[in-house]
Amino acid sequence: MQPVLREDLKIDKLYYIEALTEDALNIRIPNKNIPIMVGIFKRLIPMNVQLTEFWWNATEFDWFEMSTFKNIKNESDANKHIIRDVQLNYMWNFYEVKKFKIQSDMEERAVNLYLRKIIGDPYFTV
C-alpha cells in the first residue's frame with residue numbers, strides 16, 4: 001500500500017489509518033500495538049504547532065473499526081457504521097481504500113466482455 005500525504009487526502013473518501021511510533025533513532029515506524037483502522041476523511045485542521053522544520057496539521061475523520069469494515073459491501077454503506085469523530089496528529093499514516101474500486105473495475109470488465117461477445121464488437125465499452 002502506498003501512503004497518502006495528509007495534504008492529498010480527499011474529503012468523504014475512505015482511508016486505512018495506521019498509528020505510528022518512534023524508534024530509538026526517532027524514526028517513525030508503524031505501531032503494532034494499535035490495529036489499523038478505517039475512516040472517512042472530513043477535513044484538515046491547521047495547527048499553530050511547529051515540530052522540527054515542519055508545520056503539522058491535524059486531520060479529522062469519521063472513524064470505525066476494521067472488523068466492521070470487513071462486513072461493508074459497498075462504499076456508500078460506510079457512513080452507517082461510524083463510531084465517532086477523531087482528530088489525528090502527525091503520528092498517523094493514511095492509505096487509500098481500493099477494495100470497492102477493485103470490485104467495480106472487475107464487474108465493469110465482466111459486463112464489457114459479455115456485451116462485446118453478444119454485440120460482436122471487440123471494442124465496445126459501457
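In the set (1) modelled with pLDDT under 75; (2) in contact with a helix residue (DSSP H, G or I) (Cβ under 6 Å, 6 or more places away or on another chain); (3) loosely packed, with under 14 Cβ neighbours inside 10 Å, the condition left unmet by Ile72 is number (3). Picking from residues in segment 80-96 that are in contact with a strand residue (DSSP E or B) (Cβ under 7 Å, 6 or more places away or on another chain) and modelled with pLDDT under 75, the one that is surrounded by the fewest Cβ atoms within 10 Å (Cβ to Cβ) is Arg84.
Tell me, yes or no, whether segment 42-63 has at least one residue that is within 20 Å of Met1 (Cα to Cα), modelled with pLDDT under 75 and in a loop (DSSP other than H, G, I, E, B). There is no residue in segment 42-63 that is within 20 Å of Met1 (Cα to Cα), modelled with pLDDT under 75 and in a loop (DSSP other than H, G, I, E, B).
In this structure, does Ile27 turn out to be more than 17 Å from Glu96 (Cβ to Cβ), free of Cβ contacts under 8 Å to residues at least 12 places away in the same chain and more than 11 Å from the chain's Cα centre (by Cα)? Considered against the rule, which asks whether it is more than 17 Å from Glu96 (Cβ to Cβ), free of Cβ contacts under 8 Å to residues at least 12 places away in the same chain and more than 11 Å from the chain's Cα centre (by Cα), Ile27 comes out as yes.
The values are calculated or read from the model by the stated rules, or taken from the named source; none is laboratory data. What you see is a predicted model, and the numbers here were worked out from it, not measured in a lab. Backbone-built Cβ (ideal geometry, glycine too); neighbour counts: all protein chains shown.
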